Amino acid sequence: METILQHIDKHQFEREELGKAAMILREGGLVAFPTETVYGLGADGLQEEAAKKIYAAKGRPSDNPLILHIASTEALKDIAVEVPESAYQLAEKFWPGPLTMVLKKSEKVPYGTTGGLETVAVRMPDHEIALALIEMSGAYIAAPSANTSGRPSPTTAKHVMDDLDGKIDMVVDGGQVGIGIESTIIDLTSDVPTILRPGYVTKSMLEEVVGEVALDAAILKENKDKNLKPKAPGMKYRHYAPKGDLTIFEGEMGHVVARINELSKEQEAQGRRVGIIATEETKHQYEHGIVKTVGKRSQETTVAHGLYGVLRDFDDLAVDVIYAESFEEHELGQAIMNRLLKAAGYHVEHVE
Ligand code: TXA
Ligand code: MG
């Protein structure tokens, strides 16, 4: 099929410009659209056949449930049951925004959307185009990240086209996304609200609103126990493995840079192409390899913003090995390291 690419200025657009996209969604088609986190691949989440098309286009395992995107908190009454008070408190504080809540699903929500689960993941995106599209289509838009399964989530419409051109009906290009990594997922069906995927909304931010919050044990780095199954089905997949062999280096920055310099020199001497994931603070200190800056270490939002683009760049450049600096695993750094560690298959070297 031919994929329509439509540019829309998110700062200044008329709702009618989204008419075609809304119509495609109503008719059961697939439209990729921007959100504040990453681009989503949308279908009407209450039309089971439409939601199924998402799995085919992405090559996504069918047990991996989709997130329903809504434009008003009222929608919770329609798609979820036994909604706890904490959900409304979190919605009040963080919606629209990068927080996804897992709730008990209502009968309306088809199993084709929830991967067979009795629960549904819901989020209200903080993006004018996404919100307008949900309202105009009259749909709750089921949308995973708009990448081919196993590739980094797309932060630009070009990334979406690179993966899905010819496989979906339309891509709405609203420019580069703001945050750059996927939403935080919190499960509100357990006794203690539990983070299933770290993101921009951190544990401490959530605790300010609902008190104690747990972290799904299966997503912690130190937990290599293969029997621990993550509660978010998607978190069990290797998600994304770069074509180059990725190693993360942790330790004092000066030592990390020295170690990466030493190894890149060796690798280049053996004829291998080396990619280095650096930061603004360190980029000038590397002597070998292709150096890409993810962002400023002192401002982690810039690192979240740049990470997936750099990983995609290194795939395009066909590097053989990638060396990455590491980040402190607290606050937003926890989400950044979660994505980086998964990409590296948890391959970390501690530098003394
Ligand atoms: O920021 C985001 O969340 C983006 C944008 C497009 O909204 N979406 C996104 O979707 O990252 P996706 O499909 O790539 O990731 C959804 C994650 C998966 O790990 C999935 O297993 C989990 O959410 N999930 C969805 N429904 C769930 C449920 N009912 N229970 C537990 N985990 C669920
Ligand atoms: Mg995804």
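Data table
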| item | result |
| --- | --- |
| Contacts under 6 angstrom Cβ, first residue in segment 189-203 being open to solvent by 40 Å² or more (accessible area, probe 1.4 Å), partner of a type in the set (Val, Ile, Thr) and assigned to a loop (DSSP other than H, G, I, E, B), 6 or more apart | TYR200/ILE179; LYS203/VAL213 |
| Members of segment 296-337 that are of a type outside the set (S, T, N, Q), closer than 25 Å to LEU215 by Cβ and surrounded by fewer than 18 Cβ atoms within 10 Å (Cβ to Cβ) | GLU328, GLU329, HIS330, GLU331 |
| Output for segment 6-22, where each listed residue is among the small types (Gly, Ala, Ser) and closer than 14 Å to LEU131 by Cβ | ALA21, ALA22 |
| Number of positions in segment 142-158 that are over 17 Å from ARG60 (Cα atoms) and within 16 Å of ligand 2 (Cβ to nearest atom) | 2 |
| Residue pairs meeting the criteria (Cβ under 8 Å; at least 6 apart or on separate chains; first on the phi < 0 side of the Ramachandran plot, in segment 325-339; second of a type in the set (D, E, K, R) and assigned to a helix (DSSP H, G or I)) | PHE327/GLU300; LEU332/GLU300; GLY333/GLU300; GLN334/LYS203; ILE336/GLU300 |
| Strands (runs of 3 or more DSSP E) lying entirely in segment 247-326 (those with 3 or more residues that are out of contact with any Phe, Trp or Tyr (no Cβ under 8 Å at 6 or more places or on another chain) and assigned by TED's automatic domain parsing to the domain that holds SER153) | none |
| Within segment 72-104, considering residues that are within 13 Å of ligand 1 (Cβ to nearest atom) and of a type in the set (Gly, Ala, Ser), the one farthest from THR114 (Cα to Cα) | GLY97 |
| Among (1) over 18 Å from GLY45 (Cβ atoms); (2) within 11 Å of ligand 1 (Cβ to nearest atom); (3) aliphatic (A, V, I, L, M) - the single one ALA157 does not satisfy | (2) |
| Members of segment 53-103 found to be closer than 23 Å to MET170 by Cα and touching a Ser or Thr at 6+ places or on another chain (Cβ under 8 Å), listed by number | TYR55, LYS58, GLY59, ARG60, PRO61, PRO65, LEU66, ILE67, LEU68, HIS69 |
| Answer from GLY199, GLY174 - the residue that is more than 11 Å from ligand 1 (Cβ to nearest atom) and among the small types (Gly, Ala, Ser) | GLY174 |
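Residue-by-condition table, conditions (1) modelled with pLDDT of 95 or more; (2) within 21 Å of SER145 (Cα to Cα); (3) surrounded by fewer than 21 Cβ atoms within 10 Å (Cβ to Cβ); (4) not polar (S, T, N, Q):
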{"residue": "PHE13", "(1), (2), (3), (4)": "yes, no, yes, yes"}
{"residue": "LEU25", "(1), (2), (3), (4)": "yes, yes, no, yes"}
{"residue": "LEU41", "(1), (2), (3), (4)": "yes, yes, no, yes"}
{"residue": "PRO61", "(1), (2), (3), (4)": "no, yes, yes, yes"}
{"residue": "HIS69", "(1), (2), (3), (4)": "yes, yes, no, yes"}
{"residue": "PHE94", "(1), (2), (3), (4)": "yes, yes, no, yes"}
{"residue": "LEU99", "(1), (2), (3), (4)": "yes, yes, no, yes"}
{"residue": "VAL102", "(1), (2), (3), (4)": "yes, yes, no, yes"}
{"residue": "VAL109", "(1), (2), (3), (4)": "yes, yes, no, yes"}
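The values are calculated or read from the model by the stated rules, or taken from the named source; none is laboratory data. Since we're looking at a predicted model, the values are computed, not measured. Note that we place each Cβ from the backbone using ideal geometry, even for glycine, and neighbour counts take in every protein chain shown. When the accessible area is computed, the model is the full protein with side chains, heavy atoms only, and any ligands, DNA or RNA have been set aside. Shrake-Rupley method; radii C 1.70, N 1.55, O 1.52, S 1.80 Å.
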